[in-house]
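Inspection log for the structure reproduced underneath, given as structure tokens.
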Amino acid sequence: VIHYSSPTSAGAECIDPNCTWVEQWVHRAGPREKIYFKPEEVKAAIVTCGGLCPGLNDVIRQIVITLEIYGVKNIVGIPFGYRGFSDKGLAEMPLSRKVVQNIHLSGGSLLGVSRGGPSVSDIVTSMEERGINMLFVLGGNGTHAGANAIHDECRQRKLKVAVVGVPKTIDNDILLMDKTFGFDTAVEEAQRAINSAYIEAHSAYHGIGVVKLMGRSSGFIAMQSSLASGQVDICLIPEVPFNLHGPHGVLRHLKYLIETKGSAVVCVAEGAGQNLVEKTNATDASGNIVLGDIGVRIQQETKKYFKEIGIPADVKYIDPTYMIRACRANASDGILCTVLGQNAVHGAFAGYSGITVGICNTHYVYFPIPEVISHPREVDPNS
């Protein structure tokens, strides 16, 4: 995974018999000996797209601070995602250490977020007019696809612009990365919801607590939260198909749990069991399909099922979706955000473009954007 910088670094020579030394494809992140841009000529812009995620402010803060250390004087934030490039009513926000000093103490994004936005050529034209030659893009798969298109357009126009991504997805669903920022915090925050559901279920006669967590195409949050809590009986994720009815269905197992334990807790990812809910065919501004509400479906079907079989059941449904992503980053995510922000700036100053920063096999590295956006990373049910 690692591109070694010197022949003396560990693993830089073959010690096994019949070993062939292959140049590795991913470069280590970090400061470089030679920089491509003159700091006094740089105008750097930061943009946050998509939904909220714990740690956005931490990354913004660190990018600004590191740029200032390099000697960059001209740093701006583009408000409300890519939209800020075209909307005349939105002025760019000047950023400095003074402005960002304490923003990591609260959740959300100082710059605001939105989905969708103008065309790629409009964005690049706007960047040309503003004199932006470093663009830091914080967002998920769709945003990174946009960043890659911006990078390609800049190359076609022969503009010397560095476009660097920082992967922002609370679902932890970006390929090749150990984990993305905000994920730890989300799992920690989800514990409160699961514990509330457990207490409600445990305290009621035949209580069943259902908690819906985020996870459109990947069940990482639901899985990790369930494992961490130790209070979940059934965890439903998009990667594993399931039935509600029938001899091996969720409802039959709930009946067994009520008979043996007296209560049960179900944790479900928002993208799980989409074959069981009405298809909407609608999409949001990012082009994501609007999902049917599997949490409410499970709640309704459970009530109906127990009523039909004549067993009283007290079903409580908790949906903490937005509470989980609006909180500030915890300590481990805060550190991750700090290092990602620093490395994004190091990568831009090295003259790299069309890259994104992340952790791979515990090392901070630069990935070519196309490598990580082909499809979302999923839980391996057999791992």
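The values are calculated or read from the model by the stated rules, or taken from the named source; none is laboratory data. In this text the structure is predicted, and so the values were computed from the model without any measurement. A quick note on method: Cβ atoms are made from the backbone with ideal geometry, for glycine too, and the neighbour counts reach across all protein chains shown. Keep in mind that these areas ignore ligands, DNA and RNA; they rest on the heavy atoms of the full protein, side chains included. Shrake-Rupley method; radii C 1.70, N 1.55, O 1.52, S 1.80 Å.
Send over the Kirkwood Rh of the chain, from the inverse of the averaged 1/r over different Cα pairs, rounded to one decimal Å.
Details: mean 1/r = 0.0445 Å⁻¹.
It is 22.5 Å.
Under a Cβ-Cβ cut-off of 12 Å, what is the net charge of the residues other than His363 that fall near it, where Lys and Arg count +1 and Asp and Glu count -1?
Numbers: positive: Arg28; negative: Asp178.
Local net charge: 0.
Once the Cα atoms of helix 120-130 and of the chain are each reduced to a long axis, what angle between those two axes, in degrees from 0 to 90 to the nearest 10, is obtained?
Orientation of helix 120-130: about 50 degrees from the principal axis.
Leaving ligands and nucleic acids out of the surface, order Arg32, Arg328, Arg61, Arg192 by accessible area at 1.4 Å, largest first. It would help to have the intermediate numbers written out before the result.
Details: Arg32 70, Arg328 115, Arg61 45, Arg192 160 Å².
Greatest to least solvent exposure: Arg192, Arg328, Arg32, Arg61.
For the chain, modelled as a GNM with alpha-carbon contacts under 10 angstrom, which of Gly334, Gly295, Gly131 fluctuates the most?
It is Gly131.
Cα to Cα, under 12 Å, and not fewer than 8 places away if on the same chain: which aspartates and glutamates meet these conditions relative to Lys279?
Partners found: Asp293.
Under 18 Å Cα-Cα from Lys307, which lysines qualify once same-chain neighbours fewer than 8 residues away are excluded?
Lys255, Lys316
Of Thr169, Ser225, Val210, which is farthest on the positive side of the dipole of the stretch 135-235, counting Cα position, with +1 on Lys and Arg Cβ, -1 on Asp and Glu Cβ, and the Cα centre as origin?
Looking along the dipole axis, the top candidate is Thr169.
Taking amide H positions as placed 1.01 Å from N in the peptide plane, with prolines and chain starts having none, which residues 5 or more places from Leu95, or on another chain, fall under 5 Å of its amide H?
Ile75, Val76, Gly77
List the relative contact order of the chain as a percent without decimals, with contacts defined as Cα pairs under 8 Å and 6+ residues apart.
Numbers: 844 pairs, mean separation 90.0, N = 383.
Contact order relative to length: 23 percent.
Please compute the Cα-Cα pair-distance distribution of the stretch 184-326 with 10 Å bins starting at 0, giving whole percents from short to long.
12, 44, 34, 9, 1
Accessible area per residue, 1.4 Å probe, Å², for the stretch 184-326: what's the number? Let's see the in-between values first.
On the way: 6930 Å² over 143 residues.
Solvent-accessible surface per residue comes out at 48 Å².
Given R₀ = 25 Å, FRET efficiency for Asn275-Met323 by Cβ-Cβ distance, to 0.05?
Details: r = 28 Å, r/R0 = 1.11.
For Asn275 and Met323, the calculated efficiency is 0.35.
Run the dipole for the stretch 184-326 about the Cα centre, Lys and Arg Cβ at +1, Asp and Glu Cβ at -1, nothing else charged, and hand back the magnitude in debye, nearest 20. Can you show the working numbers first?
On the way: 13 positive and 15 negative charges, 67 e Å.
Magnitude of the dipole: close to 320 debye.
Taking the Cα-to-Cβ direction at Ser374 and at Glu308 and moving 7 Å from each Cα, how far apart do the two end points lie in nm?
Result for the modelled spin labels: 4.4 nm.
For the pairs Lys88/Lys158; Lys88/Lys179; Lys179/Lys261; Lys34/Lys158; Lys212/Lys304; Lys98/Lys212, flag any whose C-alpha to C-alpha distance is greater than 29 Å. Mind showing how you got there, number by number?
Working: Lys88/Lys158 26 Å; Lys88/Lys179 37 Å; Lys179/Lys261 35 Å; Lys34/Lys158 22 Å; Lys212/Lys304 19 Å; Lys98/Lys212 39 Å.
Where the Cα-Cα span goes over 29 Å, the pairs concerned are Lys88/Lys179; Lys179/Lys261; Lys98/Lys212.
Nearest 10 degrees is fine. How inclined is helix 294-308 to the longest principal axis of the chain, computing both from alpha carbons?
Value to nearest ten degrees: 0.
Counting only protein heavy atoms and using a 1.4 Å probe, what share of the accessible area of the chain belongs to carbon plus sulfur, as a whole percent? Spell out each step's value before the answer.
Working: 9190 of 17730 Å².
Carbon with sulfur: 52 percent of the solvent-accessible area.
Would you mind counting up the charge near Gly116? Only other residues with Cβ under 10 Å from its Cβ, with Lys and Arg at +1 and Asp and Glu at -1. Before the final figure, lay out each step's value.
On the way: positive: Arg83, Arg115; negative: Asp284.
Result for the neighbourhood of Gly116: +1.
Give me the net charge of Gly139's neighbourhood, meaning all other residues with Cβ under 11 Å from the Cβ of Gly139; Lys, Arg count +1, Asp, Glu -1.
Values: positive: Arg115, Lys168; negative: none.
Summing Lys/Arg as +1 and Asp/Glu as -1 gives +2.
Take the alpha-carbon centre of the stretch 131-207, take the same for the stretch 283-337, and report the distance between them in whole Å.
With the stretch 131-207 and the stretch 283-337 each reduced to a Cα centre, they are spaced 19 Å.
Report the extension gain between Gln156 and Glu40 in nm, rounded to one decimal, defined as 0.36 nm multiplied by the number of residues separating them, less their alpha carbon distance. Walk me through the numbers on the way to the answer.
Details: separation 116, 0.36 × 116 = 41.76 nm, distance 2.54 nm.
Length difference between fully extended and current span is 39.2 nm.
Assuming 1.567 mPa s and 4 °C, estimate D for the stretch 185-252 with Stokes-Einstein, Rh taken as the Kirkwood radius over Cα pairs, in µm²/s. Please list the in-between numbers first.
On the way: Rh = 12.8 Å.
Once the numbers are plugged in, D ends up at 101 µm²/s.
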